[in-house]
Amino acid sequence: MKTITKTDDLAAFCAKAKQHPYVTVDTEFLRERTYYSKLCLVQLAVPGKEDDCAVLVDPLAGEGLSLEPLYALFRDTSVVKVFHAARQDLEIFQVEAGVIPAPLFDTQVAAMVCGFGEQAGYETLVKKIAKQSLDKSSRFTDWSRRPLTDAQKTYALADVTHLRGIYEFLAKKLASTGRDKWVEEELSVLTDPETYRTEPGEAWRRIKTRNTSPRFLAILRELARFREEYAQSRNIPRNRVYKDDALLELAATKPQNVQDLGRSRLLLREARKGDVADGILAAVKAALDCPTEDLPKADKMADRQQINPALADLLRVLLKAKSDTYGVAPKLIASAADLDAMAGGDRDVAALRGWRRDVFGQDALRLCEGEIGLAVKGSAVEPVEI
């Protein structure tokens, strides 16, 4: 197995890849100790059985390796870039170089569209499509340590070599069923650079709380904003600054000075002094001084009318029936949140747009309006006119 450590060798392989219709790609990275993922290895493979058709690219092996030839390949729209569960891989390339591979094919998304269930893991697809098994003993290895062992290299290469057959199988099936457009629609989120842009001012929306007081949410927003900016600037995990439970406690207690911080039960000792303490106090003050008209509001879900639980259950039955009919994973068609939102009167949900509307959304709306019901016919559940 070949490991590329020089720019010229990478350029040669990428030139070879441009002669093929597709290239399979995977990465190994670490994120436990940093805010941004640390790229440790890139795996590439093109069609063929020769040894040089699959390579490892080692960005940590030396100072002389530039990944620009790889990024040029990613920009070449004549070659399909094939990933499995691409989101984290794409985030690395977008953050590192501002590039997102195009055109993109994600075998996890394609497998869910093709009826391989909601847990379309790579190992499952290797077994069902490639009829092979994977040695996962190196799954939780430290990819930043050098030298890499033969076992690590074999494990890493398997993530792109089997992917070739999986891609060819799924691409053919999608073309025969006419669902390739469905996958393209799904991939529009993955190929949007905004997907990988973290705005500190929006970080508070990821934190779960039942308190919908606008002033409380303002403090939450400013504390989350400071934590995100601090973590980004120092490339450390946000939980190293302070964890969510400490953030919620601070939003509730509204500390005004260092003495107040000292009374926190959940704040780490290191966060009670220095830059972090100053940032916390400044964030709280900014939120308390925020004009009423600029206070944040709770997610619109809180403002919706009360969810009709019976209707939500009926929507779940309809979703299961449609999933069985079309052979598509239910959660790809509609999330539990979508169903609850629709049962509460919301019509601005993903399940009512695009291919999902054709497969599920139209009948779901008619069910909500009382125009159709559900009936058991044999072993199936089908919509019936009322």
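The values are calculated or read from the model by the stated rules, or taken from the named source; none is laboratory data. On a predicted model such as this, the values are computed, not experimentally measured, just so you know. All Cβ positions, even for glycine, are placed from backbone atoms using ideal geometry, and neighbour counts span all protein chains on display. Please note that ligands, DNA and RNA were not included when accessible areas were found on the heavy atoms of the full protein model with its side chains. Shrake-Rupley method; radii C 1.70, N 1.55, O 1.52, S 1.80 Å.
I'd like to know if segment 28-40 contains one or more residues that are among the β-branched types (Val, Ile, Thr), crowded, with 22+ Cβ neighbours inside 10 Å and in contact (Cβ under 8 Å) with a residue 12 or more places away in the chain.
No, segment 28-40 contains no residue that is among the β-branched types (Val, Ile, Thr), crowded, with 22+ Cβ neighbours inside 10 Å and in contact (Cβ under 8 Å) with a residue 12 or more places away in the chain.
Applying the selection to segment 324-344, what residues are assigned to a helix (DSSP H, G or I) and either in contact with a strand residue (DSSP E or B) (Cβ under 9 Å, 6 or more places away or on another chain) or open to solvent by 10 Å² or more (accessible area, probe 1.4 Å) (or both)?
Matches in segment 324-344: Asp324, Thr325, Tyr326, Pro330, Lys331, Leu332, Ala336, Ala337, Asp338, Asp340.
Arg210 - would you say it is more than 30 Å from Val82 (Cα to Cα) and either assigned to a helix (DSSP H, G or I) or among the β-branched types (Val, Ile, Thr) (or both)?
Against the criterion (more than 30 Å from Val82 (Cα to Cα) and either assigned to a helix (DSSP H, G or I) or among the β-branched types (Val, Ile, Thr) (or both)), Arg210 does not qualify.
Please specify each residue of segment 117-145 satisfying the condition of being in a helix (DSSP H, G or I), of a type in the set (Ser, Thr, Tyr) and in contact (Cβ under 8 Å) with a residue 24 or more places away in the chain.
Result: Tyr122, single match.
So for segment 75-92 (the condition being of a type in the set (Ser, Thr, Tyr) and open to solvent by less than 50 Å² (accessible area, probe 1.4 Å)), does at least one residue qualify?
No; the residues of segment 75-92 include none that is of a type in the set (Ser, Thr, Tyr) and open to solvent by less than 50 Å² (accessible area, probe 1.4 Å).
Kindly provide the set of residues from segment 319-333 that are more than 15 Å from Leu367 (Cα to Cα) and small (Gly, Ala, Ser), ordered by number.
Ser323, Gly327, Ala329
If the Cβ limit is 8 Å and pairs must be 6+ apart or interchain, which residue in segment 225-237 that is of a type in the set (S, T, N, Q) pairs with which residue that is assigned to a helix (DSSP H, G or I)?
Pairs that qualify, where the first residue is of a type in the set (S, T, N, Q) and the partner is assigned to a helix (DSSP H, G or I), are Gln232/Pro200.
Which numbered condition in (1) in contact with a helix residue (DSSP H, G or I) (Cβ under 8 Å, 6 or more places away or on another chain); (2) under 27 Å from Lys172 (Cβ atoms) is the only one that Lys128 fails?
Of (1) in contact with a helix residue (DSSP H, G or I) (Cβ under 8 Å, 6 or more places away or on another chain); (2) under 27 Å from Lys172 (Cβ atoms), only one is false for Lys128: (1).
Take Arg197 and decide whether it is under 22 Å from Arg87 (Cα atoms), surrounded by 16 or more Cβ atoms within 10 Å (Cβ to Cβ) and of a type in the set (Lys, Arg).
So Arg197 fails the test.
Please state which one of Leu332, Leu374, Leu352, Leu365 is in contact with a helix residue (DSSP H, G or I) (Cβ under 8 Å, 6 or more places away or on another chain) and modelled with pLDDT under 95.
Leu332
Given the condition open to solvent by less than 30 Å² (accessible area, probe 1.4 Å), part of a loop (DSSP other than H, G, I, E, B) and not hydrophobic (A, V, I, L, M, F, W, C), answer yes or no: does some residue in segment 146-164 qualify?
No, every residue in segment 146-164 fails to be open to solvent by less than 30 Å² (accessible area, probe 1.4 Å), part of a loop (DSSP other than H, G, I, E, B) and not hydrophobic (A, V, I, L, M, F, W, C).
Under 7 Å between Cβ atoms, at least 6 apart or on separate chains: pull out the pairs that start in segment 51-72 with a residue that is in the same structural domain as Pro101 (by the TED database) and end on any residue that is among the aromatic types (Phe, Trp, Tyr).
The qualifying pairs are Val55/Phe13.
Residue under question is Leu65, and the condition is that it be open to solvent by less than 30 Å² (accessible area, probe 1.4 Å) and either polar (S, T, N, Q) or not in a helix (DSSP H, G or I) (or both); does it hold?
When the stated conditions are applied, Leu65 passes them.
Regarding segment 276-297, can at least one residue be identified that is open to solvent by 30 Å² or more (accessible area, probe 1.4 Å), of a type in the set (Gly, Ala, Ser) and in the same structural domain as Arg225 (by the TED database)?
yes
Looking only at segment 221-246, how many residues end up being in a helix (DSSP H, G or I) and under 24 Å from the mean Cα position of the chain (by Cα)?
Within segment 221-246, residues that are in a helix (DSSP H, G or I) and under 24 Å from the mean Cα position of the chain (by Cα) number 18.
Checking the conditions here, which among Arg272, Arg353, Arg347 is open to solvent by 50 Å² or more (accessible area, probe 1.4 Å), within 25 Å of the chain's Cα centre (by Cα) and in contact (Cβ under 8 Å) with a residue 12 or more places away in the chain?
The match here is Arg347.
May I ask you to list the residues in segment 6-24 that are among the polar types (S, T, N, Q) and open to solvent by 60 Å² or more (accessible area, probe 1.4 Å)?
Correct list: Gln19 only.
Being outside the structural domain of Cys114 (by the TED database), at pLDDT 95 or above and either part of a loop (DSSP other than H, G, I, E, B) or in contact with a strand residue (DSSP E or B) (Cβ under 7 Å, 6 or more places away or on another chain) (or both): is that true of Leu311 here?
No: the conditions fail for Leu311.
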